[in-house]
Amino acid sequence: MTTPQTPRLAPIPASLPDSVPFVGPETLERRRGAPFRARLGANENGFGPSPAAMQAMRGAAAEVWKYGDPTSHDLRAALARHHGVTPGHIVVGEGIDGLLGLTARLFVGPGDTVVTSAGGYPTFDFHVTGFGGVLDRVPYKDDRQDPDALVDRARETGAKLVYLCNPDNPMGGWHEPEVIESAISRLPDGTIMVLDEAYGEFAPALPQIDPDDPRVIRFRTFSKAHAMAGARIGYALGAVPVIRAFDRVRNHFGVNSVAQAGALAALQDEAWLARTLAQVASARRRIAAIAEDNGLAALPSATNFVAIDCGGGGDFARAVLAGLAERGVFVRMPWTPPQDRCIRVSCGPDDQLDALAEALPGALAAARA
Ligand SMILES: *Cc1c(COP(=O)(O)O)cnc(C)c1O
């Protein structure tokens, strides 16, 4: 007779519930037995990567038998020039999500407090919990994260880290540079701001932060404006001793060679980025117009997505989302009230937004019925 085996997990994971926080569109397509007509749920950039980046990645494919450069030397050098810092201020990793995991591993031990926003981008929360950290959540204010309240809460709780996403996912709003700069100036001793700028390229302006300031780590990605989400590559910018600490825990061969080559070419293709930003701005206007045509309000956005207020509570928005999925349109929505009265629609090419325009009236009618 065989005894059922319980895996002998380490204490922290053993204490966590089973969880699949993100159900991917591929899983949803398998469940519904048909592909989506429009893939507008994950803030992927359907306008596509730079042709130069694609060419570089095709070239790198033949060399993929080699491990990638574990220091991402060429990309870090180019990023350093781009940001006016030294390569020692930059660590390249497997997307922001991977780097957020390393950040939690570096700074969060069992019982350490991390301050974040209720209903904000959830990935960092999972990493913090996975290392035994304790989350303290501050509400949004007027559909934006509240930098001053986050810093106040960090002071009250003695938090080691405070997470701020600017521009914000899932609501799309952003703060003027002075607001972020002032919050940084008010950080209590010993608190580091984890500043997620996944949508930084879309922002009208970003804060000026001394690259040697040890109180802030900024996070950027090639997934959004550069349309390389599947390549899994992003970077963190911070003071040299803070960035050097990542070498203690990172997966040194984790950034693949194809992604490194593609990111380098994408960074250099400034014309493509400018073209993308114009396409995204125009898609944002169109999504807002589609919302208005249906009697709904679009929230202001400094990202490549638009939050649409469905005008009811969370259950109503969830019904609209389900109705859109039934009609072949994949979108997502915030998880927490009051933000969950909205659905979140990623920018994409016209044919994708045509599908949204066609599906939304029926989805709304079904949700109201
Ligand atoms: C998309 C997103 C990320 C994930 O970025 P990757 O580099 O693809 O891991 C991180 N933070 C926010 C706020 C995002 O919206």
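The values are calculated or read from the model by the stated rules, or taken from the named source; none is laboratory data. Since we're looking at a predicted model, the values are computed, not measured. So basically every Cβ, Gly included, is an ideal-geometry build from the backbone, and we count neighbours across all protein chains shown. Just the protein is used for accessible areas: all its heavy atoms, side chains included, with ligands, DNA and RNA removed. Shrake-Rupley method; radii C 1.70, N 1.55, O 1.52, S 1.80 Å.
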Quiz item: Along the positive direction of the dipole of the chain (beta-carbon charges: Lys, Arg +1; Asp, Glu -1; about the Cα centre), which of Ala325, Leu364, Trp335 reaches farthest?
Solution: Ala325
Exercise. Please state the charge dipole magnitude for the chain, taken about the Cα centre, from unit charges on C-beta atoms (+1 on K and R, -1 on D and E), reported in debye and rounded to the nearest 20.
Key: 840 debye
Practice problem: Provide the percentage of antiparallel DSSP beta bridges, counting only those with both residues in the chain; round to the nearest 5. | Solution: 50 percent
Quiz item: Over the chain, what percent of the accessible surface lies on carbon and sulfur atoms, probe 1.4 Å?
Solution: 54 percent
Quiz item: Under 29 Å Cα-Cα from Lys160, which lysines qualify once same-chain neighbours fewer than 8 residues away are excluded?
Solution: Lys141, Lys224
Self-check item: Per principal axis, descending, Cα span of the stretch 39-189 in whole Å
Solution: 53, 33, 32
Quiz item: Which of these, Leu277, Leu28, Leu161, has the largest mean-square fluctuation under a Gaussian network model of the chain (Cα springs below 10 Å)?
Solution: Leu28
Quiz prompt | Volume in Å³ per residue [convex hull over Cα atoms, computed for the stretch 285-369] | solution = 81 Å³
Self-check item: Span from the the stretch 317-369 Cα centroid across to the the stretch 17-79 one, whole angstrom
Solution: 24 Å
Quiz item: For the stretch 112-242, rounded, prolate or oblate, judged on the Cα gyration tensor with a ≥ b ≥ c (square roots of eigenvalues), a/c < 1.5 rounded, else prolate if a/b > b/c?
Solution: rounded
Quiz prompt | Per residue, in Å², the accessible surface of the chain once ligands and nucleic acids are set aside, probe 1.4 Å | solution = 45 Å²
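How about the stretch 1-79: which trypsin sites (Lys or Arg not before Pro) there are in a DSSP loop, with at most 15 other Cβ atoms within 10 Å of their Cβ?
Answer by residue number: Arg8, Lys66.
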Quiz item: Taking H as built 1.01 Å from N, whose amide H comes closer than 5 Å to the amide H of Phe305, not counting residues under 5 places away?
Solution: Cys347
Quiz item: Between Trp272, Trp335, Trp65, which gets the highest mean-square fluctuation from a Gaussian network model of the chain, Cα cutoff 10 Å?
Solution: Trp65
Practice problem: Could you work out, for the stretch 241-305, what percent of all Cα-Cα pairs fall into each 5 Å distance bin, beginning at 0 Å and stopping at the bin that holds the largest distance? | Solution: 4, 13, 12, 12, 12, 11, 12, 11, 7, 4, 1
Quiz prompt | Cα gyration tensor category, rounded, prolate or oblate, for the chain with a/c compared to 1.5 | solution = rounded
Quiz item: According to the square roots a ≥ b ≥ c of the eigenvalues of the Cα gyration tensor, what is the shape class of the stretch 210-369, taking rounded for a/c under 1.5, prolate for a/b larger than b/c otherwise, and oblate for the remainder?
Solution: prolate
